[in-house]
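Right, one structure below, let's go through it.
The values are calculated or read from the model by the stated rules, or taken from the named source; none is laboratory data. A quick note: this is a predicted structure, and the numbers were derived from the prediction, not measured. As a convention, Cβ positions derive from the backbone with ideal geometry for all residues, glycine included, and neighbour counts pool all protein chains shown. For the accessible areas, the whole protein counts, side chains as well, though only heavy atoms, and no ligand, DNA or RNA atoms are used. Shrake-Rupley method; radii C 1.70, N 1.55, O 1.52, S 1.80 Å.
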Amino acid sequence: MGDFWLILSSAIVAGIGILSIPLLPSKIKAFSNFLFVLLVAITTSIPAINALLGNPMDITLPGSAFFGDIPLRIDALSAWFILIINLTCVNGAFYGIGYMKPYKERKANLSLHWTLFLVFQTSMLWVCMLQHSLAFLIAWEIMSLSSLFLVIFEHEKSETLKAGVNYMVQMHIGVAFLTVAFIWVYFGQGSFDFLAISGYFGTNFNGWLFLLFFIGFGIKAGFIPLHSWLPHAHPAAPSHISGVMSGVIVKLGIYGIIRVALMLQSQLLLIGELLLIISIITGVFGILNASVQRDFKKMLAYCTIENIGIIGTGIGLFLIGAGFNNSMLMVIGLSGALLHTLNHSLFKSLLFFSVGSVYQQTHTRDMEKLGGLIHQMPQTASLFLIGSLAIGGLPPLNGFISEFLIYNGFLNGINTIGLTHSTLMILSIASLAFIGGLSLLTFTKTFGTVFLGNPRQELHDSPSEVSLWMRAPQYFIVGIMLSIGLFPQFYFSVSLQLIQSVLPASGQFVLEDFAPMITLMGNVGRYSMLFLALLIGIYLLRNYFVGLHPSQKNATWGCGYVAPNVHMQYTGKSFSKSLSKLLGFIVKEKKKYTEIEAGEIFPQTRKHTSHYVDLFENTIFEQATKKLLHILNYFQFIQNGKVQMYVMYGLFFILLVFFGTLFNLI
Amino acid sequence: MISLVLILLTSLFFMGVVIRTKSIASGRKGPGLFQPMKDLFRLWKKGSVYSNTTSFIFQIAPSIYFASIIMAILVIPFGEYKGIISFDGDFVFFAYVLALGKFFSIIGALDTGSSFEGMGASREALYSMLAEPAFFILMGSFALYTGHTSFHEIFTSLHFGSYISYGLGALATFVLVMIAMIENSRMPVDDPKTHLELTMVHEVMILDNSGFDLGLILYGTNLKFAMYGALIANFFTGSFPILISILIFFGVQIIFAITVGVLESFSARFRMGNNPQFIFTLTSISILIFFGVLLIMGKFI
């Protein structure tokens, strides 16, 4: 029962925090918020760790007679996500202390911001714990709304508000789908408990209900074509919020999908294949769009979409494995997905924090205006570099571990199943490799443009390294990332135990079968260490040899040209131009300019703008909404603004119901 | 271990053979086989000039590039002898380690703030990205064919039995040669001897490197060639006694070097705009190999 008291105390702590933060002086608001977040994190992490160690929590809160009792469960899967949420939120709250300092005169806004941060964390934790459909939806809704208000902190900018409204609308479309799905289950099974979903799947066709859940959770997660809120909301939000949102809130969509996927009983193969294909397309589409963006936070948002794709391939692999009753595929796929979820929450928050530091110092998100920041902000630059290496899946960092697992899953899949699946697997391998290559291009471009070379524009005030408050959480994240990269066997065996405890009885496997896999991961970790040692060794040797001879400093070789200026530097856009030309049918460039007329002898100054548009958002969805609006125009006569008419509608409706019941029509 | 030694040995004369072939093809006598190595030693003894724009990235990039190649070589087996590192899925590690080196060589080039070097970096990133799927499909097909996923196990259990399998071997060799040419920025994709910075790929990225660092990068190219040569040689060494395998190894390496020389002497560089199509063709050839494997395994019905 100890777990229950801990959860209860976490709720009480959150409550006290929410009440007290507005009353505190604005100087210590951020710090006290951090303390509350930390306390909530500790009190909820203990039951979560217990659950991972094999003591899941299962408490029933008394509910009303109609809705039934409310089960509060922490199994290993919830625990994994609770730990990720806590880790990211604590880091985000700590980073936020430094990040929000320039806004200290906006007292009321800050109170709301930090209070909602606490609400946000608590609601995410409850989303993972509640297993009662209606209670779950309430927590889910609180999470969406609190994050909405966190996003629109700079509400005076119309762009931010627009992003916020976009986010709100899309989240509610998602909720609508989830509600329908849950009610569907309720009508089938007569219970709001999550266990009913599994019962429903046992007796009915699985595809349609899963589709509803997939759309509902997929909007949160950002699978294409449901992704279009991400590239707007992430740039609009303050960086510590983008870090937490991209690190965690998106992952709760993944949590939902995994939760439902674990309960599927039939049509596993079909669902798995479709999920795999959607995920691969999501991955390629996401990173391709990321590579052409010039707003670095938008780039990171698209990159989140890519990583959701990679996580999705793991889940797809798991379902295909389950369809074939191949426990190897199931376990590798799911553990790859879970580890990548953890990894992505780490390096994505690191990246958002480091670009947040850049934004705080330079007040621009446009990478074409920056350059050479490595000289003023060497530590931020190194942190961003480490994040970009990790997100590209390069050894010896953590991204490699999860991608390696997923590759291994596909390679296993090629051997064990028939023609169509072999082809699917090999194409997935090729796409993963392609995604890897593209992310290398994207991140060399971003790092090179923002931090290397010469400044491209005079900034209003010269940037300097950010405070230790902002750097410390980033170093902490780097430490965890290295621990995953160098000791993956530990994290992998945790994920193995997790999977064993959450798999349904039909899919059980013997843990000993995976001993070679654990050794393999251990070896990968050791070789990564060897690699790191080799890197350092060769660098030291090189330093020794270079030191033997004199070296001098001079201007960059300009190929004989003696008057180079900073505008001659390669820009980020030109770096990715050949790629965008090659794949222009996916990443569309829109240009706006006026041609010089034939008779125009003295041309005036003119403008040339070009930006890349999202294929789904700007072509497919925009067309659809235009058509919809056009059709709905014909129904305008109903809403004509006359009160009398509205009263009549009401009367008409009541009469309809009355006569309907009278003649037994409804 | 043995593969590491052999690759290091090959790297000493590989470029020499290429240059000699080119000289003979153009009617000259050409320098000695070890001249490129002597040039490198001279570079290693020189001082360096660093651009004012550069930061520590520029200092560490060549070492990391070089270290990544060494690390990748450690994975390569030799016939029946494992590489120093061998595990299931090690070719993924191989490719990703090389990618890390590439990452640093690209940002090293961008660190100079030069317009030319950025151009080279952009091309390098694009071309290597396009070549990546071909390598993975190739290795994935062999993983399917042999049922193993590490370089060593794939190569030792690779049996050439039917006509189709010989065809596959030939195609695989072609793909690997082409990948080696792309990764090293050689002829059909990039002309290392061009004098115009605008048309360079790899050469323009290292314009600002000098002295020891330049030596490291150039030696890295030699090593990379020898490494891909060793991969190709592994298709043929099979289960022969060690001495014969070593002979075959050097034979394959020399033929590979001569092929590079001949390719560079008798072909012109593609137009930059056509390179992506060409590189992507390799992926389709890899898919052909994959279908061939499916055919052999009787998975087509």
Lone unmet requirement of (1) without any contact (Cβ under 8 Å) to a residue 12 or more places away in the chain; (2) more than 7 Å from chain B (Cβ to nearest Cβ); (3) part of a loop (DSSP other than H, G, I, E, B) for A:I586:
(1)
Pick from the stretch A:452-481 the residues that are on the phi < 0 side of the Ramachandran plot and at the interface with another protein chain (Cβ under 8 Å from one of its Cβ atoms): which of them is modelled with the lowest pLDDT?
A:N454
Confirm whether A:L195 is open to solvent by 30 Å² or more (accessible area, probe 1.4 Å) and touching a residue at least 12 places away in the same chain (Cβ under 8 Å).
yes
Is it the case that some residue within the stretch A:297-308 is under 30 Å from A:L511 (Cα atoms) and assigned by TED's automatic domain parsing to the domain that holds A:S228?
yes
Can B:S245 be described as open to solvent by 10 Å² or more (accessible area, probe 1.4 Å), farther than 27 Å from A:Q569 by Cα and in a helix (DSSP H, G or I)?
no
For A:V647, all conditions in the list (1) closer than 26 Å to A:I224 by Cβ; (2) at pLDDT 90 or above hold save one; what is the number of the exception?
(1)
Could you please let me know if A:I414 is assigned to a helix (DSSP H, G or I), touching a Phe, Trp or Tyr at 6+ places or on another chain (Cβ under 7 Å) and at the interface with chain B (Cβ under 9 Å from one of its Cβ atoms)?
no
Unique residue being touching a Leu at 6+ places or on another chain (Cβ under 8 Å) and on the phi > 0 side of the Ramachandran plot when the list is B:G79, B:G27, B:G89, B:G83
B:G89
Would you be able to say whether some residue in the stretch A:337-349 is over 19 Å from the mean Cα position of the chain (by Cα), assigned to a helix (DSSP H, G or I), in contact (Cβ under 8 Å) with a residue 60 or more places away in the chain and within 25 Å of A:Y95 (Cα to Cα)?
no
Taking the stretch A:413-463 and keeping residues basic (K, R) and surrounded by fewer than 24 Cβ atoms within 10 Å (Cβ to Cβ) leaves A:R456
Of the residues A:V151, A:V119, A:V127, which single one is at pLDDT 90 or above, of a type in the set (A, V, I, L, M, F, W, C) and open to solvent by 10 Å² or more (accessible area, probe 1.4 Å)?
A:V119
From the list A:K592, A:K577, A:K581, A:K588, which residue is loosely packed, with under 10 Cβ neighbours inside 10 Å and farther than 21 Å from A:P455 by Cβ?
A:K592
Check the stretch A:368-378 and report whether any residue there is more than 25 Å from the chain's Cα centre (by Cα), farther than 16 Å from A:K297 by Cα and either among the polar types (S, T, N, Q) or not assigned by TED's automatic domain parsing to the domain that holds A:I480 (or both).
yes
Determine whether A:Y103 is farther than 18 Å from A:I42 by Cα and crowded, with 23+ Cβ neighbours inside 10 Å.
no
Is the stretch A:522-530 home to any residue that is at pLDDT below 90, in contact with a Gly (Cβ under 9 Å, 6 or more places away or on another chain) and more than 8 Å from chain B (Cβ to nearest Cβ)?
no
Can you report the number of residues in the stretch A:531-548 which are farther than 16 Å from B:Q59 by Cβ and either loosely packed, with under 14 Cβ neighbours inside 10 Å or within 7 Å of another protein chain (Cβ to nearest Cβ) (or both)?
3
Can B:F66 be described as more than 7 Å from chain A (Cβ to nearest Cβ), surrounded by 23 or more Cβ atoms within 10 Å (Cβ to Cβ) and closer than 27 Å to B:L9 by Cβ?
no
Being closer than 18 Å to B:E264 by Cβ, of a type in the set (A, V, I, L, M, F, W, C) and part of a helix (DSSP H, G or I) is the filter here, so list the residues in the stretch B:25-42 that pass it.
B:A25
Being surrounded by 23 or more Cβ atoms within 10 Å (Cβ to Cβ), of a type in the set (S, T, Y) and more than 9 Å from every other protein chain (Cβ to nearest Cβ), is that true of even one residue in the stretch B:86-109?
yes
It is to be established whether one or more residues within the stretch A:82-90 are within 18 Å of the chain's Cα centre (by Cα), open to solvent by 10 Å² or more (accessible area, probe 1.4 Å) and β-branched (V, I, T).
yes
Tell me which of these B:G120 doesn't satisfy, since it passes every other one: (1) open to solvent by less than 10 Å² (accessible area, probe 1.4 Å); (2) within 7 Å of chain A (Cβ to nearest Cβ).
(2)
Among the residues of the stretch A:549-583, which ones are among the charged types (D, E, K, R), facing another protein chain (nearest Cβ under 10 Å) and closer than 22 Å to A:H611 by Cα?
A:K577, A:K581
If I filter the stretch B:151-166 for residues that are out of contact with any Asp or Glu (no Cβ under 9 Å at 6 or more places or on another chain), more than 7 Å from every other protein chain (Cβ to nearest Cβ) and within 20 Å of B:L207 (Cα to Cα), do I get at least one hit?
no
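Yes/no matrix, rows are residues, columns are (1) in contact with a Cys (Cβ under 6 Å, 6 or more places away or on another chain); (2) under 21 Å from A:Y99 (Cβ atoms); (3) open to solvent by 30 Å² or more (accessible area, probe 1.4 Å); (4) in contact (Cβ under 8 Å) with a residue 24 or more places away in the chain:
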site: A:F4; (1), (2), (3), (4): no, no, yes, yes
site: A:A11; (1), (2), (3), (4): no, no, yes, yes
site: A:F31; (1), (2), (3), (4): no, yes, yes, yes
site: A:L35; (1), (2), (3), (4): no, yes, yes, no
site: A:V40; (1), (2), (3), (4): no, yes, no, yes
site: A:A48; (1), (2), (3), (4): no, no, no, yes
site: A:M57; (1), (2), (3), (4): no, no, no, yes
site: A:G63; (1), (2), (3), (4): no, no, yes, yes
Could you look through the stretch A:373-407, keep only residues that are open to solvent by less than 10 Å² (accessible area, probe 1.4 Å) and of a type in the set (S, T, N, Q), and pick out the one that is nearest to the other protein chains (Cβ to nearest Cβ)?
A:S388
B:F174 - would you say it is at the interface with chain A (Cβ under 7 Å from one of its Cβ atoms) and under 21 Å from the mean Cα position of the chain (by Cα)?
no
For the stretch A:327-344, what are the residues that are small (G, A, S) and either open to solvent by 10 Å² or more (accessible area, probe 1.4 Å) or in contact with a Gly (Cβ under 7 Å, 6 or more places away or on another chain) (or both)?
A:S327, A:G333, A:G336, A:A337
